[in-house]
Structure formats: structure tokens, C-alpha cells
Amino acid sequence: MALGASWVPLALAVELHMPRGGAPRRMKIRTACGSGRVVEAAARPVATAPGSVSLVLISEESMLLPIEKYGSPVLRTVSAPIKNIDGYVVALAQNMLETMYAAPGVGLAAPQIGVNLRLLTTDVSSGKEPHQRIIIANPEIVEVAGEQNGEEGCLSIPDFSEKVRRPQRIVVKGISLDEKELIIEAEDLLARCFCHEVDHLNGIFFLDHLSAIKRGLITRKLKHLIKDGKW
Ligand code: NI
């Protein structure tokens, strides 16, 4: 979920080392970051749409990842559950946190950085309160109560925001990075944030909750921006 300002991508030079024979499931990559620092990064091929595969780099050191925008098929795909919390998932979550804070945003879902896995990060304090930093795999909203109506934006739809109705309070269940069950009771902004990010895992945008008229106005503008290469 967006919190004003815009994303500035980090320039990367990438060297791929492909094992011989067969499609690699995982590979080591030397990544030269904008600072000139070289880090080891891992990539895993990710199916973004039928017949296409993309590589998303993650790094064991913090690395900012480009954020996918409205129109990208990865954002309309239902993401797969995470089966094992391995080193890839831990590094992915760390990279997502860094990317979320830099954007700046208060929530980020893995599809937004091109990975269709059920993983999300939130921090409604924008880094000010460490206990607000949440990483959750396979999140499920198991209870909802009340209603709130407030302004909502999205890092994947920069410069657009609208009022969206969400539950006032929710309970979210999921798995932590140390493979423990998480049960989180959330209200107000955190409840809104979880609803927004869990929607991303199901290929849903906040636009999909608007009236047909409002949604039509915004999607027409977005289509023009995409067509004119301004997106
Ligand atoms: Ni969003």
C-alpha cells in the first residue's frame, strides 16, 4: 500500500551463470549494485503468465527490487502457498521489507516484486516502531468485523487513490519466518493494509472494490498511460 512519494529504481548490472543442460531451478548471480558493491544474489524462475517465465533477483544483503505496476500479468495471478520457509523465502522477505520502506509504503505483497508466492510485509509505523514490522507467509483473513471507509493507494498504481470500504477489525492467520503460526488481531490502518495486501495475493487491486463508474474512470486513464508509454 502506498504512502506518497515515488520509487526510484536502483541500477543493476547482472551476470547470469546458467548450469549446463535443463532449466535451472536456482542459480547464483553476481549483482553489481548502483554503489559499485558486488553482492551474491539468488534467482528462481517464476512463471508470471502461461508460457512466460521471469527471473526475480533477491539478495542475501538488502537490495531494492523494482515494483510491478498495474498491467503486469503477475499482479492478476493468484499466488501459490509457500511450502517451505527456506533461505530464498527469508532473503525475499528481507528484500521486500527494504523495498517497502524505500518506496515508501506501509505494505508490500510478493507479486508486486514479480513473485507469485503468498508472502507479505507490513509496517504501519513506517519503520518507527520495530514491533509493527510484520512478515507473514500464507496469510488468511479468518475473522472480520465492523467497517471503515478511507483513502487507499497502491505502490503498483502510483499517483491514484480512492476511498475504499474495508472491515474495521480483522484476524489474520499465517506463518512466521521461523515457521511458527502467527495470529494477528488488526484494526484501523493495519486491518486495511492486510486486506489490501491479501487481495494482491489473489490478483485483486483496490480498484476492484470501487463502483463500476469510478473504476472505469481510473482504468481508462491507466490504459491511456500504458498506451502512451508513460506508465
Ligand atoms: Ni497495493
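Pull up the stretch 62-85, narrow it to residues that are surrounded by fewer than 20 Cβ atoms within 10 Å (Cβ to Cβ) and among the polar types (S, T, N, Q), then point me to the one that is farthest from K230 (Cα to Cα).
Top of the filtered list is N84.
Given the criterion modelled with pLDDT of 95 or more and of a type outside the set (A, V, I, L, M), identify the matching residue among N116, N138.
Details: N116 fails: modelled with pLDDT of 95 or more.
From the options N116, N138, the qualifying one is N138.
Across the stretch 109-118, which residue is surrounded by the most Cβ atoms within 10 Å (Cβ to Cβ) among those that are of a type in the set (A, V, I, L, M) and within 13 Å of the ligand (Cβ to nearest atom)?
Let us first name the residues in the stretch 109-118 that are of a type in the set (A, V, I, L, M), namely 109-110, 113, 115, 117.
Of the ones still in play, those that are also within 13 Å of the ligand (Cβ to nearest atom) are 109-110, 113.
Values: A109: 30, A110: 28, I113: 24.
Among residues in the stretch 109-118 that are of a type in the set (A, V, I, L, M) and within 13 Å of the ligand (Cβ to nearest atom), the one surrounded by the most Cβ atoms within 10 Å (Cβ to Cβ) is A109.
Between K173, K163, which is touching a strand residue (DSSP E or B) at 6+ places or on another chain (Cβ under 6 Å), within 16 Å of the ligand (Cβ to nearest atom) and not in a helix (DSSP H, G or I)? Don't jump to the end; show me each part of the working.
Numbers: K173 fails: within 16 Å of the ligand (Cβ to nearest atom).
K163 is the lone residue from the list that is touching a strand residue (DSSP E or B) at 6+ places or on another chain (Cβ under 6 Å), within 16 Å of the ligand (Cβ to nearest atom) and not in a helix (DSSP H, G or I).
If you take the residues of the stretch 109-131 that are touching a residue at least 40 places away in the same chain (Cβ under 8 Å) and over 13 Å from the mean Cα position of the chain (by Cα), which of them is nearest to Q168 (Cα to Cα)?
Taking the candidates together, the pick is V124.
Among the residues in the stretch 134-155, are any more than 14 Å from the ligand (Cβ to nearest atom) and closer than 25 Å to L225 by Cα?
No, every residue in the stretch 134-155 fails to be more than 14 Å from the ligand (Cβ to nearest atom) and closer than 25 Å to L225 by Cα.
Scan the stretch 95-108 and give yes if some residue there is within 17 Å of the chain's Cα centre (by Cα), within 16 Å of G203 (Cα to Cα) and either within 12 Å of the ligand (Cβ to nearest atom) or touching a residue at least 12 places away in the same chain (Cβ under 8 Å) (or both), otherwise no. Quick ask: steps written out before the conclusion?
Keep residues of the stretch 95-108 that are within 17 Å of the chain's Cα centre (by Cα), which gives 95-108.
From what's left, within 16 Å of G203 (Cα to Cα): 107-108.
Right, trim to either within 12 Å of the ligand (Cβ to nearest atom) or touching a residue at least 12 places away in the same chain (Cβ under 8 Å) (or both) and you get 107-108.
Scanning the stretch 95-108, I find at least one residue that is within 17 Å of the chain's Cα centre (by Cα), within 16 Å of G203 (Cα to Cα) and either within 12 Å of the ligand (Cβ to nearest atom) or touching a residue at least 12 places away in the same chain (Cβ under 8 Å) (or both), so the answer is yes.
Select from the stretch 120-163 the residues that are under 22 Å from K69 (Cβ atoms) and of a type in the set (A, V, I, L, M, F, W, C) and write down the one among them that is surrounded by the fewest Cβ atoms within 10 Å (Cβ to Cβ).
Among those that are under 22 Å from K69 (Cβ atoms) and of a type in the set (A, V, I, L, M, F, W, C), it is F160.
Hey, among I204, I184, which residue is buried (at least 16 other Cβ atoms within 10 Å of the Cβ) and in contact with a strand residue (DSSP E or B) (Cβ under 6 Å, 6 or more places away or on another chain)? Step through it out loud before you land on a result.
Values: I204 fails: in contact with a strand residue (DSSP E or B) (Cβ under 6 Å, 6 or more places away or on another chain).
Just one listed residue meets the conditions, I184.
Go through the stretch 94-108 and give me each residue that's crowded, with 22+ Cβ neighbours inside 10 Å and hydrophobic (A, V, I, L, M, F, W, C). Break it down into steps so the answer makes sense when it comes.
Of the stretch 94-108, the ones crowded, with 22+ Cβ neighbours inside 10 Å are 95-96, 99-100, 103, 105-108.
Scanning the stretch 94-108 gives M96, M100, A103, V106, L108.
In the stretch 169-181, what residues are more than 19 Å from the chain's Cα centre (by Cα), surrounded by fewer than 16 Cβ atoms within 10 Å (Cβ to Cβ) and not basic (K, R)? Working first, answer last.
Of the stretch 169-181, the ones more than 19 Å from the chain's Cα centre (by Cα) are 169-171, 178-181.
From the residues that got through so far, the ones that are surrounded by fewer than 16 Cβ atoms within 10 Å (Cβ to Cβ) too are 178-181.
Selection gives D178, E179, E181.
Among R215, R220, R166, R192, which is the only one that is without any contact (Cβ under 8 Å) to a residue 12 or more places away in the chain and surrounded by 15 or more Cβ atoms within 10 Å (Cβ to Cβ)?
Values: R220 fails: surrounded by 15 or more Cβ atoms within 10 Å (Cβ to Cβ); R166 fails: without any contact (Cβ under 8 Å) to a residue 12 or more places away in the chain; R192 fails: without any contact (Cβ under 8 Å) to a residue 12 or more places away in the chain.
From the options R215, R220, R166, R192, the qualifying one is R215.
The values are calculated or read from the model by the stated rules, or taken from the named source; none is laboratory data. Please read these numbers as outputs of a predicted model, since none were measured by experiment. As a convention, Cβ positions derive from the backbone with ideal geometry for all residues, glycine included, and neighbour counts pool all protein chains shown.
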